[in-house]
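Chemist: One structure follows; several queries about it will come next.
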Amino acid sequence: MSRRLRHRESPWRARLRRAAPYAGGTLIVLVLMHTLFGPYGYFSMRRSEQQIERLRLEIDRLDHENSQLTGEIRALQSDPSAIEKVAREDMGLARPGELIFRLPDDPLPATPPPANPPAAPSPASSQPPR
C-alpha cells in the first residue's frame, strides 16, 4: 500500500506565491512609468521634437535675415544710390544747398483744457470799497 505523502508547503513559499502577482504588477507599472515619464520616455521625446521644430524655424528666419543683410552689403559696396540713401536717412546728410526738416515721430498729445477754469473777477469786486 503505497500512501501518498502530502507534502506541506512552507509558509514562506506560500507567501511568495501570493505576493508574486503583486510584484509582477508593480514591476509592469514601474516599467510603464519609466517608458512614459523617464529621461528618454515618450513625453521627453515629444518635448525634444517641439524644441527641434522651434529651432528649425528660428534657423530659417535667421537665414532669411542673413541673406537680406548680404544683399544690403553688396548694394552698399557697389551701388552709389544705396550709399546715398543710407547717408541721407541714417546719417542725416544733405547735398549742398539742401535743407533738412526733421519732424517728430510722435507729436505730443494736445493738452486737455483745465477742469476748473479760473473764475473771471466780477465788475463789482474790482471796485474799491467805499
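We did not get these values from a lab; they are worked out from the coordinates using the rules stated. Everything numeric in this text was worked out from a predicted model, so none of it was measured. When we count neighbours, we look across all protein chains shown, and the Cβ atoms used for this are built from the backbone with ideal geometry, even at glycine.
Chemist: What number of residues within the range 69-107 satisfy the criterion of being over 39 Å from the mean Cα position of the chain (by Cα) and at positive phi?
Modeler: Counting residues in the range 69-107 that are over 39 Å from the mean Cα position of the chain (by Cα) and at positive phi gives 1.
Chemist: While we're here: List pairs: first in the range 15-36 and without any contact (Cβ under 8 Å) to a residue 12 or more places away in the chain, second part of a helix (DSSP H, G or I) and hydrophobic (A, V, I, L, M, F, W, C), Cβ under 7 Å, 6+ apart or cross-chain?
Modeler: From the range 15-36, the pairs are Leu36/Phe43.
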